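**Student:** Got a structure for you, written out below as C-alpha cells; questions coming shortly.
Derivation of every value follows stated rules applied to the coordinates shown; laboratory data play no part. Keep in mind that what you see is a predicted model, and the values were worked out from it rather than measured. Note: ideal-geometry Cβ built from the backbone for every residue, glycine included; neighbour counts use all protein chains shown.
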Amino acid sequence: MQGSLLAVDPLTNKIYVANSGSNSLSMIDSDSGNVTNIPVEASPTHVAVSSLTSKIYVANSFSRTVSVINGYKEISRIPVGTFPSFIAISSRGLAEKEKIYVANSGSNTVSVINSSSDKVIVQYLLEKILVL
C-alpha cells in the first residue's frame, strides 16, 4: 500500500490524515463522522495503513521517527533516517512477511521495518544521482 498525507483502512472504513502543523494524526470514522486526534512526533508528513494488521505508520519528518498507531494510541516510535518523507507497505499476503519502507530524504536512505517487531531490519544508503 502506498502512503500519503491521507490513508484509508478498507477493513475499518477509517480515514487517517497527517497533520504536520499540530503534530497529530486525525482518525475519521467514515461511518459515524467522529474525529479523534492522536498525538505523534514532530511534523508528520506521510501515513500508510497495513491492510493485514490495521496498524498505522506515520513518518515524522522533523523527529527522524515513524510512529506506530494501533487503535487510538501511539504504541511505538521507530528511529529511522533523517527527514523521513514517504512510506510504502509490502505484505506478500502474510503479516510476518510484511515490510514497511521509509524513504529518508535528508539522509538519502531507505529504512526497512519488519511489521511484526516494528524494528528497522536494514537501512539502504542510496547513491546521489546527478541529473544532467
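**Student:** Can you tell me which residues in segment 65-75 are in contact (Cβ under 8 Å) with a residue 24 or more places away in the chain and either part of a loop (DSSP other than H, G, I, E, B) or of a type in the set (D, E, K, R) (or both)?
**Tutor:** Within segment 65-75, Tyr72, Lys73, Glu74 qualify.
**Student:** For Arg77, only one of the following conditions fails: (1) among the charged types (D, E, K, R); (2) under 12 Å from the mean Cα position of the chain (by Cα); (3) within 21 Å of Asn13 (Cα to Cα). What is its number?
**Tutor:** Here Arg77 meets the rest and fails (3).
**Student:** Continuing with the same structure: Specify the residue that is surrounded by the fewest Cβ atoms within 10 Å (Cβ to Cβ); the eligible residues are those in segment 76-107 that are free of Cβ contacts under 8 Å to residues at least 24 places away in the same chain and in a strand (DSSP E or B).
**Tutor:** Among them, the one singled out is Ser90.
**Student:** Report yes if some residue within segment 88-97 is within 16 Å of Glu41 (Cβ to Cβ), under 14 Å from the mean Cα position of the chain (by Cα) and of a type in the set (Val, Ile, Thr); otherwise report no.
**Tutor:** So in segment 88-97, the residues within 16 Å of Glu41 (Cβ to Cβ) come out as none.
Within segment 88-97, not a single residue is within 16 Å of Glu41 (Cβ to Cβ), under 14 Å from the mean Cα position of the chain (by Cα) and of a type in the set (Val, Ile, Thr).
**Student:** Hey, can you tell me all the residues within segment 19-38 that are exposed (fewer than 12 other Cβ atoms within 10 Å of the Cβ) and assigned to a strand (DSSP E or B)?
**Tutor:** Val35
**Student:** Which residue pairs have Cβ atoms under 7 Å apart, sit 6 or more places apart or on different chains, and have a first residue in segment 47-63 that is more than 19 Å from Val120 (Cβ to Cβ) and a second that is crowded, with 20+ Cβ neighbours inside 10 Å and aromatic (Phe, Trp, Tyr)?
**Tutor:** Short answer, once both residue conditions are applied: Val49/Tyr16.
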